[in-house]
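Q: Right, I'll just put the structure down here and ask away after.
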């Protein structure tokens, strides 16, 4: 297969140069392209359809848990950013500023939202008056801008698409419960939709969001052993509701500040699924978000009836809810096989004159490369159950990969070796920021999360050797 | 009904002060609120859900006509704006400019997109090489920023949400066909989803989009007799593909510029449905986009079984695909009746102890205020067919209103009277921009569209009295 060789050559060797492999996959499968302004990206139709599928899955989950969507303005008065001290420190250096309209200078410069806590709190302070107005459970789908020095499509871009939930609650307990509930919504989504195993837990003080009291996160392990922070859920306490003077009259007749949360995931998730599932042939898309779940390749299209049959099968599958496409282009079947392997379609269905005679077709799985013969009579149920099987297999592979790449370490020698061998490290930490920083300085691995299961894996801090009671993961991270 | 009077009083008299009525309805039904930066708006959950329903309806139509969604960057190099002469003239005065990131001044200032022709053409020039790459049929859902002097929620805001389709074609005929096809998609959507009659046709030179060769539009008549341009579809010819050097190798071996279209509708449609359907009680939402199609008001909730029955009916309706809500708040039924009339829910379902005994409930229509009794046994089919009936009635009302408010005029006296009496004017125009401008100067009515049906309604220009062959609508406009 000369075709095949040539095709594979176009994507860099993932074991030799993982970053280049990633870039090749993103560009050559037409998920995204570079925008004209440094650090921006264009999300092309094939990539955007994955995002739409992610949106639909998550949006349904948000609504089932009682949230409604709203839309807040893109442009925020600069003065708002200054109201919460940690928040401004975290975001001020990287915000894009609108200073002029046409030739006219504005009286106050405006921030292109890097996140919407400030403007949303301002509006909440106008809307919330009584305990009857709580809880407020609002989510926003939007674009945000953060000027990053080093950028890569999906992983870190000057502008990205995301959702940000912002909720207010009467009690601290209720707000904490919301924080953890949404983290669990994310985790379940990662497992059951993206087929990615994640580690969830709490961030250290150093790694938490600017302005939050507690940040929880899910960390996904990429095939190069690095971690990708895939989503976060923050408990703010009353930091922002105090700064923005959000007050409600409680049942006891006193004015109080409500407790607040926010939580978000972004187009970064597309980066996560590329690097958690891909292989040397290119993308391997989880079936539940794949734009094309089953691609139909007609064989010997010049023979009468082949193309008609292909479209007929497509119609049957479409009616069963399968996202299906017939590739009727002029290229050879071999070329198309390679193209769709690179583009990661979970199932390839081949149909030729002899198949039609026998009332069957060939199904090729992207995940295992296995081929099987299927009867056309019950093609819908076969394809639907195969999609589930592929999903389950991809998730099991992801889980096995994560489990195989977590090393329990009790000292810096072990930790350094494990990190250099592209693993996550599970270890004990005394809790002091100096030790955390020292690990990073020595290995460039940062603390990821402290898992909810805090069963000790030792009793001394991996760095200072003093008594330690915190179980924590370290990894190099995107 | 003291309650009722007090409620109604909160909304300004629509016959005496239509603009204030509009503002009251928008704010009091919590569709939107003013944002902190002048001219911006916050779309609150009740308003955003209407937008989501509009999006779903349109997005399905775009996909059925072969379009795919993509996402292009918000920030555009200023130099791009300069490439098409009419385009820069049209947009430069009202664009928001990013000049700094944090404390650092950018080398080139960036435009916050007012529309995306320029950046999309830049990307198309990189992607399109051969006739095989055409047509390109891409749509984008996005926010855009245009600094407007006079703003009103939904109608004209510094930032708004919209969709913009941008397509490329080999031939002029194919591009013109696309332009008209998408105009027809919009018109059909207005009729079958928003229940609004629109006038469609071609814009005059003066009213067309900056950079377009031809602009087509649909104009909706508001209850005050003013026109709202509700959507546009542009044929660009090769203006932009030439300016941005988009070239494809045609079958004949020569390099050519493709022909281009763009088309868009925005959150302005929410303004349209408020002002096309509302009444003194508030909103009257078209069923197919209403966030709550049927609100259930339990009567005598302290009686055993009432609330349970209300939720049971809600579950039945929800499973039948009805957007339903039980209003179980502590207020009186009368208060809730008024609240939901103001909020425009198409059907109110009342259920009390005696209804339950009789296996029935009361249905009240928002459009006609009629009440009827319905059997609980087949409540789903009754509600579903009533929703269709309400839709049809609202559309027929809209059509009748438009037909009653189009006056055929043959001179300026007639035209001035008709405009002052809150009508659209259908008349003849010689085609010269001076006559068009003179009509506007004299009456503040602008030319809206030249309808496709050009059956003459006279033979001389309404302004200059010279021979005229163009049928055109004039109206005051938002």
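The values are calculated or read from the model by the stated rules, or taken from the named source; none is laboratory data. Keep in mind it's a predicted model, so treat the numbers as computed, not measured. As a convention, Cβ positions derive from the backbone with ideal geometry for all residues, glycine included, and neighbour counts pool all protein chains shown.
Q: Starting from residues that are more than 9 Å from chain B (Cβ to nearest Cβ) and crowded, with 21+ Cβ neighbours inside 10 Å, keep the ones in region A:92-113 and report whichever is nearest to residue B:78 (Cα to Cα).
A: Our first condition is that a residue be more than 9 Å from chain B (Cβ to nearest Cβ); within region A:92-113, this holds for A:105, A:107, A:111, A:113.
With crowded, with 21+ Cβ neighbours inside 10 Å added as a condition, the list becomes A:111, A:113.
Working: A:111: 18, A:113: 20 Å.
Filtering first and then ranking leaves A:111.
Q: If you don't mind, there's one more thing I want to ask. So which residues in region A:152-164 are crowded, with 20+ Cβ neighbours inside 10 Å and either under 16 Å from the mean Cα position of the chain (by Cα) or more than 8 Å from chain B (Cβ to nearest Cβ) (or both), if there are any at all? Lay out the reasoning, then the answer.
A: Let us first name the residues in region A:152-164 that are crowded, with 20+ Cβ neighbours inside 10 Å, namely A:153-155, A:157-161, A:163-164.
Matches in region A:152-164: A:153, A:154, A:155, A:157, A:159, A:160, A:161, A:163, A:164.
Q: Now, a different point. Since residue B:50 meets every condition but one in (1) at the interface with another protein chain (Cβ under 10 Å from one of its Cβ atoms); (2) farther than 25 Å from residue B:215 by Cβ, which condition does it not meet?
A: Unmet condition: (1).
Let's see how each residue does on (1) in contact (Cβ under 8 Å) with a residue 12 or more places away in the chain; (2) part of a helix (DSSP H, G or I); (3) surrounded by fewer than 23 Cβ atoms within 10 Å (Cβ to Cβ); (4) more than 26 Å from the chain's Cα centre (by Cα):
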position: A:286; (1), (2), (3), (4): yes, no, no, no
position: A:303; (1), (2), (3), (4): yes, no, yes, yes
position: A:309; (1), (2), (3), (4): yes, yes, yes, yes
position: A:315; (1), (2), (3), (4): no, yes, yes, yes
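Q: Select from region B:72-91 the residues that are facing another protein chain (nearest Cβ under 7 Å) and farther than 21 Å from residue B:234 by Cα and write down the one among them that is farthest from the chain's Cα centre (by Cα).
A: Checking each candidate, the answer is B:77.
One line per residue, one yes/no per condition, for (1) closer than 19 Å to residue B:195 by Cα; (2) surrounded by 11 or more Cβ atoms within 10 Å (Cβ to Cβ); (3) touching a residue at least 40 places away in the same chain (Cβ under 8 Å):
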residue	(1), (2), (3)
B:351	no, yes, yes
B:356	no, yes, yes
B:369	yes, no, no
B:375	no, yes, no
B:390	yes, yes, yes
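Q: Say we look at region B:28-44 and pick out the residues that are part of a loop (DSSP other than H, G, I, E, B) and more than 7 Å from every other protein chain (Cβ to nearest Cβ); which of these is farthest from the chain's Cα centre (by Cα)?
A: Applying the filter and picking the extreme gives B:38.
Q: Right, another one. Which residues, counting only those in region B:245-264, are loosely packed, with under 14 Cβ neighbours inside 10 Å and under 23 Å from residue B:116 (Cβ atoms)?
A: B:245, the sole residue that qualifies.
Q: What's the total number of residues in region A:165-174 that are surrounded by 23 or more Cβ atoms within 10 Å (Cβ to Cβ) and either away from every other protein chain (no Cβ under 13 Å) or out of contact with any strand residue (DSSP E or B) (no Cβ under 7 Å at 6 or more places or on another chain) (or both)?
A: 1
Q: Taking the conditions exactly as written (surrounded by fewer than 16 Cβ atoms within 10 Å (Cβ to Cβ) and more than 9 Å from every other protein chain (Cβ to nearest Cβ)), does residue B:65 satisfy them or not?
A: Criteria met by residue B:65.
Q: Out of A:54, A:43, A:50, A:11, report the one residue that is more than 30 Å from residue B:149 (Cβ to Cβ) and outside the structural domain of residue A:226 (by TED's automatic domain parsing). First the steps, then the outcome.
A: Values: A:54 fails: outside the structural domain of residue A:226 (by TED's automatic domain parsing); A:43 fails: outside the structural domain of residue A:226 (by TED's automatic domain parsing); A:50 fails: outside the structural domain of residue A:226 (by TED's automatic domain parsing).
Only one candidate qualifies: A:11.
Q: Being closer than 20 Å to residue A:217 by Cβ and crowded, with 21+ Cβ neighbours inside 10 Å is the filter here; which residues of region A:439-461 pass it?
A: Scanning region A:439-461 gives A:439, A:445, A:447, A:448, A:449.
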